[in-house]
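What follows is a single structure, written as structure tokens, with notes after it.
None of the figures in this text is laboratory data; all of them are computed from the coordinates on show. Remember, predicted model here, so these are calculated numbers, not experimental data. Glycine gets a Cβ as well: all are built from the backbone with ideal geometry, and neighbour counts include every protein chain shown.
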């Protein structure tokens, strides 16, 4: 028989027996793992259902109010949902919310990044731990306490700063002050900056700690100074993390209620100067007018809450997308 025409059938390759496959096979049969998988999956589905229920409720009540609004909901500088006819809009609220949050970000982000860099790369271990502990305490302070501090201490002590800004930058119109009480969007921005500083600092600190030591040691071996190491190795690596931390802080600033309500002297006017008394935000307007509102007024407040809900979702979603782009934060390369 010609052996060249014979065909031999190779035996099937054995299934891989890696430790991971063994653990997966055992996990598929363990009752505890199946129960935990079901609870985890159910929790995730419950969160999605809860968010969908909130969105549906807000949308339903908001549609009732907007359908009865005789003015343009997005551009009207008035809030009179109980009038005949009802007229209300979110132009002033959107302006105040965005402006106060931007002021808070401009103040808080550089300070937070500086504190995070000092804790991780400059401060001795004990001092860095103490500063980190104090930052964590700031994150645990209730909003109402910040509001009391802002109303009783911050507002009376800002007149000197307002006068200085008016003397040197009043010509711009943005920092013109008419000697009123410093209960303006600028004061709210300063207070919000203090409130979101722990969030941005803590996240930035953890990101900077994930920088691979080899990158820093290589830069030092090439003769780089401490600042050059931070500029060339730490900040480029942590850029996305700092952006994500900033957006998480922005989400807190957009939805802050009680502290803003206690500091801001609300009015439905848009002022060119940041130091003029007045203005309003979504959360502050809801908190101050909900108890006295009629059924139509509550629907109008819910409509403004829907706008804030959408803005907050977009901000937090953008932060999650930025974090997902950088897998280095998992700590695998540290």
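Which residue fluctuates the most in the chain, going by a Gaussian network model with Cα springs under 10 Å, if the choices are 150, 180, 238? Comparing 150, 180, 238 in the GNM, the peak value goes to 180. Put in line by how crowded their Cβ is, counting other Cβ atoms within 10 Å and starting with the fewest, 51, 247, 296 read 51, 296, 247. Rg and Dmax, both from the Cα atoms of the range 167-271 and both in Å, are 19.9, 60. What percent does the relative contact order of the range 208-303 come to when contacts are Cα pairs within less than 8 Å and at least six residues apart? Taking the mean separation of contacting Cα pairs over the length of the range 208-303, I get 19 percent.
Relative to one another, the C-alpha centroids of the range 113-152 and the range 29-53 are positioned 36 Å apart. In degrees from 0 to 90, rounded to the nearest 10, what is the angle of the helix 185-209 Cα long axis to the longest principal axis of the chain? That helix lies at roughly 10 degrees to the long axis.
In this calculation the C-beta distance from residue 68 to residue 140 is compared with R0 = 45 Å, giving a FRET efficiency of 0.60.
Working from label points 7 Å from Cα in the Cα-to-Cβ sense, the residue 267 to residue 49 distance is 4.9 nm. Using only the Cα atoms of the chain, build the gyration tensor, take square roots of its eigenvalues as a ≥ b ≥ c, and label the shape rounded, prolate or oblate: rounded if a/c is under 1.5, else prolate if a/b is larger than b/c, else oblate. Since a/c reaches 1.5 but b/c is at least a/b, the shape of the chain is classed as oblate. Summed over qualifying helices (DSSP H, 4 residues or more, each -39500 (n - 2.57)) and divided by its residue number, the chain shows a 222 nm mean residue ellipticity of -21000 deg cm²/dmol.
Between the helical axis of 295-324 and the longest alpha-carbon principal axis of the chain there is an angle of about 40 degrees. The range 217-231 and the range 252-273 have Cα centres lying 44 Å from one another. Based on alpha-carbon atoms, the Kirkwood radius and the radius of gyration of the range 71-168 give Rg/Rh equal to 1.15.
Its relative contact order, with pairs defined as Cα atoms under 8 Å and 6+ residues apart, puts the range 60-122 at 22 percent. Highest GNM mean-square fluctuation among 172, 187, 201, for the chain modelled with Cα contacts below 10 Å: 172.
Take the Cβ atoms of residue 84 and residue 157, set R0 to 45 Å, and the FRET efficiency comes out at 0.50.
Rounded to the nearest 10 degrees, the inclination of helix 31-68 to the longest alpha-carbon principal axis of the chain is 30 degrees.
Computed from the C-beta positions of residue 287 and residue 56 and an R0 of 22 Å, the FRET efficiency is 0.40 to the nearest 0.05.
Before anything else, pin down the relative contact order of the chain: Cα pairs under 8 Å, at least 6 apart, normalised by residue count, whole percent. Value for the chain: 24 percent. Evaluated over the Cα positions of the range 237-325, the convex hull gives a direction-averaged projected area, one quarter of its surface, of 7.3 nm².
Under a plain spin-label model, where a point goes 7 Å from the Cα along Cα-to-Cβ, how far apart in nm are residue 169 and residue 126? About 4.0 nm separates the two model spin labels.
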